[in-house]
Amino acid sequence: MKPQRALSVFLSCALLLSGLIAPFSSAEAKRHYNHGRYHRYYDARHDRWVDYQTGKIIKGGIVGAGIGAGAGLLLDRPVGKTALVGAGIGAGTQAVRYSRTMQRHPIAKTAAYGALAGTGVSAATGRRLGKGALVGGAVGAGLGTLKYF
């Protein structure tokens with residue numbers, strides 16, 4: 001592996017992990033005290049950092065970034081760029097999947113999936129992302145219309 005590519009992979013992984021391992025501030029550590037006395041009502045340490053839906057979106061973005069980085073290594077493309085595109089596609093797919101609005105509108109949901117698939121294909125082939133998203137969205141809208149009407 002070339003040194004420049006190894007550095008690119010390392011920096012991509014460090015960028016992804018830096019958001020997960022953020023240190024707490026001193027105000028965050030003292031949040032569970034009220035006027036110097038401990039009270040369970042003010043103890044925010046037992047709460048989750050993110051809710052269920054947001055966690056799924058973040059997980060999809062991380063998995064997509066890994067797949068994009070792997071595709072960039074295999075196709076000899078810039079790893080950072082393909083990892084960012086993969087993260088966007090993974091997070092977007094999960095956001096569409098768990099959106100209440102998209103659950104009420106199945107044709108728009110299928111069109112969004114098509115746009116995301118078109119973006120992924122155009123990123124893998126090295127073409128313009130917007131054109132692939134437009135073509136994929138049109139195909140997805142057509143298939144959604146045929147399926148749900």
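The values are calculated or read from the model by the stated rules, or taken from the named source; none is laboratory data. Keep in mind the model is a prediction, meaning the values are calculated, not measured. Here the Cβ positions follow ideal geometry from the backbone for every residue, glycine too, while neighbour counts run over all protein chains shown.
Summary table below
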quantity	calculated
Residues of the stretch 86-122 satisfying the condition of being of a type in the set (A, V, I, L, M) and at pLDDT below 90	V121
Top-ranked residue of the stretch 94-149 - restricted to ones that are among the charged types (D, E, K, R) and closer than 18 Å to G60 by Cα, ranked as surrounded by the fewest Cβ atoms within 10 Å (Cβ to Cβ)	R100
Hits in the stretch 82-114 (condition: over 19 Å from G136 (Cβ atoms) and assigned to a helix (DSSP H, G or I))	A83, R100, T101, Q103, R104
Hits in the stretch 115-130 (condition: in contact (Cβ under 8 Å) with a residue 40 or more places away in the chain and outside any helix (DSSP H, G or I))	G126
Test: residue in the stretch 63-72 that is assigned to a helix (DSSP H, G or I), at pLDDT below 65 and out of contact with any Lys or Arg (no Cβ under 6 Å at 6 or more places or on another chain)	no
Qualifying residue in the stretch 44-51 (condition: assigned to a helix (DSSP H, G or I), modelled with pLDDT of 70 or more and either polar (S, T, N, Q) or more than 18 Å from A117 (Cβ to Cβ) (or both))	no
Contacts under 7 angstrom Cβ, first residue in the stretch 60-75 being crowded, with 18+ Cβ neighbours inside 10 Å, partner of a type outside the set (D, E, K, R) and not in a helix (DSSP H, G or I), 6 or more apart	G72/P78
Positions within the stretch 89-124 being within 15 Å of the chain's Cα centre (by Cα) and of a type in the set (D, E, K, R), in sequence order	R97
